[in-house]
Amino acid sequence: MTDSLIELRVLEGPNLYFPKAAVKLTLDLTGLAGLEEEQALRFARRIGLANARPGAAASGFRQRFAARAVARLVRQIAAEAGTHRLAVRVRPTTDVHRVVVAYPWRHRGRAVALGYAVADVLDDLPAADVDVRVSEVAAEVRRAELGAKPTTIKPRIPVIAVTGTNGKTTTARMLGHIGRAAGLHVGWSSTDGVYVDGELIEEGDYSGPGGAARVLAQPQVQLAVTETARGGILFRGIDVRHNDVSVVTNVSADHLGLQGIDTVDQLAEVKAVVPHITKPSGWAVLNGDDPRVLAMRSTISARPWVFSRDPDSPSLRDVVGAGGRATTLIDGWICVLAPDSDPDPLVRAVDVPVTLAGLSRFNVENALAAASAALGAGLSRESVVTGLTTFRPGPELNPGRMNIYSLRDFTVIVDLAHNEAGLEALLEVMAGLRSQGGRLLLGLGTAGDRTDDLLRSMGEMGARDSDVMVIVHKRGYLRGRDMDEMSDMFRDGAAQVGVHEVPALLTELEGLQALAERAGRGDVVAVMCHQDRVLLEEWLHDQGATVDSPETLRDKALLAS
């Protein structure tokens with residue numbers, strides 16, 4: 001990379017900046033910001049900004065001029081190289097000297113050459129003759145090989161795309177199960193791998209752009225369900241041109257401070273890419289209780305279908321009144337609302353096993369989202385009911401997501417919970433399964449690529465709402481931190497609620513074993529599990545643990561109430 005070019009990234013499909021393949025440049029504009037005013041004016045005139053007012057070097061006015069000027073520089077070089085009317089987007093970053101510049105592309109070689117040409121001009125300021133230098137780099141771009149075209153896929157079958165901060169994997173798995181209940185060959189991609197008709201065909205995290213491509217490459221698949229995570233959108237873009245139905249489960253603080261996404265509002269912009277490419281004839285399924293998700297209605301061409309546990313939510317009234325659809329709970333029933341129609345009750349929420357007898361409000365919302373998306377994709381009402389009532393929350397159909405066991409005289413939960421919202425959901429279920437006089441014993445841990453504030457908050461929440469807490473480390477997920485640093489952050493949070501003795505275990509399995517030794521009748525042990533799920537399952541099996549059936553869960557919930 002050059003001094004000015006921090007990163008050049010080729011996005012193969014719809015992304016944060018454009019609904020098509022784009023090149024993203026992260027540029028350091030220190031040189032441009034530091035030019036003498038006369039030099040800045042000369043630069044502006046050369047690139048076609050005749051009436052520019054660049055302001056003094058290093059001033060706030062200059063920073064704004066620099067962002068405007070670099071967009072114009074991209075267009076000017078492209079035009080002199082033969083590409084006219086090029087769209088360019090510029091976004092600021094937390095560093096006042098850096099910006100992100102993006103533009104769409106049709107040929108990789110020429111588009112990459114344009115990015116390097118822009119950086120070359122910025123690198124040569126102020127020494128070079130800018131009039132000559134712009135002409136030289138434009139000629140280099142014009143001579144560059146065109147290169148390959150984007151690999152964005154035009155799907156041949158219906159695609160349901162699922163995104164959000166929490167609940168993506170469970171919702172995607174539920175949709176795959178409903179599709180199979182409808183008699184279809186279903187492929188889905190998720191953080192665990194690529195599945196066809198419930199069989200794992202490729203293991204790994206395929207919540208990024210590669211997952212959809214692998215699913216759509218399977219000739220027998222009739223319905224594709226793709227889990228679409230933040231990282232894939234930012235790093236490579238979405239690898240399909242459009243989807244037929246999209247789902248946005250929620251947006252909450254997670255992975256902030258990475259790839260230029262520093263706020264929840266910015267994270268919502270990333271997630272909004274998924275419903276933004278939903279066909280106008282399709283449905284965008286949105287969480288009506290999440291203001292950031294509901295606001296995506298203003299950016300979509302598809303028809304809105306909202307879901308909410310509150311049947312009196314204004315979001316439901318607004319969307320249905322405008323001709324959309326909604327799914328909600330009425331008298332304990334999952335119901336569909338349509339304009340000028342009475343509610344259509346599909347199934348009681350307590351009869352949907354993934355809701356854990358209604359204890360898990362997050363999984364109730366996931367069930368509402370899955371029912372909406374399945375119906376929006378044209379699956380029959382009967383298939384939706386069958387799929388919801390036969391999707392069990394155990395390791396067979398939903399591994400690592402709120403898997404609940406009975407071990408001796410206490411309960412064990414293994415769950416991926418990886419952020420504040422996930423921990424809140426886990427603690428909610430733990431409390432709902434604790435017998436009278438029982439305790440909550442928590443193994444707390446997450447990946448290292450979370451902000452300090454989030455780690456401290458999770459430590460505070462876990463210590464406040466559990467009776468016994470230990471830290472369970474995830475050596476494979478430290479992501480730039482060390483275990484001592486992670487422990488310190490969690491302990492700082494716990495200290496805020498007066499908890500000062502928080503042991504740290506080296507692995508998730510050691511954490512489960514330590515908590516199980518301390519557990520007694522009516523207690524609930526839970527481990528936030530990221531990397532040792534198989535080991536935890538094997539240990540539980542060896543100890544004689546059994547997976548709780550929906551009936552067992554209902555009995556536990558009744559005893560706890």
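Bear in mind these aren't lab numbers, they're just calculated from the coordinates by the rules spelled out. Worth saying up front: this structure is predicted, and the values here are computed from it rather than measured. Cβ: placed from backbone, ideal geometry, glycine included. Neighbour counts: every protein chain shown.
Looking at the chain alone, DSSP beta bridges between its own residues are antiparallel in about 50 percent of cases. The trypsin sites (Lys or Arg not before Pro) of region 392-439 that meet both conditions, a loop assignment by DSSP and at most 14 other Cβ atoms within 10 Å of the site Cβ, are R408. Less than 5 angstrom separates the built amide H of N243 from those of T278, K279, all sequence-distant by 5 or more or on a different chain. Within region 403-560, antiparallel bridges make up roughly 30 percent of the DSSP beta bridges whose residues both belong there.
Restricting attention to region 159-390, close to 40% of DSSP beta bridges with both partner residues there are antiparallel. Using the Cα gyration tensor of the chain, with a ≥ b ≥ c the square roots of its eigenvalues, what is the shape: rounded (a/c below 1.5), prolate (a/b larger than b/c) or oblate (neither)? Prolate is the answer for the chain, as a/c is 1.5 or above and a/b outweighs b/c. In a DSSP loop and with at most 14 other Cβ atoms within 10 Å, the GluC sites (Glu not before Pro) in region 496-561 are E501. Checking every one of the GluC sites (Glu not before Pro) in region 1-50 against DSSP loop status and a limit of 12 other Cβ atoms within 10 Å picks out E36. Is the C-alpha gyration tensor of region 159-390 telling us rounded, prolate or oblate? Criteria: a/c under 1.5 is rounded; beyond that, a/b larger than b/c is prolate, otherwise oblate. Here region 159-390 falls in the oblate category. Each of S281, S380, S315 has some number of other Cβ atoms within 10 Å of its Cβ, and from fewest to most they run S281, S380, S315. Peptides 158-164, 382-388, 90-96 ranked from most to least packed, by the mean per-residue count of other Cβ atoms within 10 Å: 158-164, 382-388, 90-96.
Remark: for residue pairs K168/K271; K154/K271; K20/K168, the C-alpha separation exceeds 18 Å in K154/K271; K20/K168. Note on K279, K168: ascending count of other Cβ atoms within 10 Å places them as K279, K168, the fewest first.
The order of D290, D239, going from fewest to most other C-beta atoms within 10 Å of their C-beta, is D290, D239. What is region 5-143 by shape, rounded, prolate or oblate, if you read a ≥ b ≥ c off the alpha carbon gyration tensor as root eigenvalues and call it rounded for a/c under 1.5, prolate for a/b larger than b/c, and oblate otherwise? Oblate.
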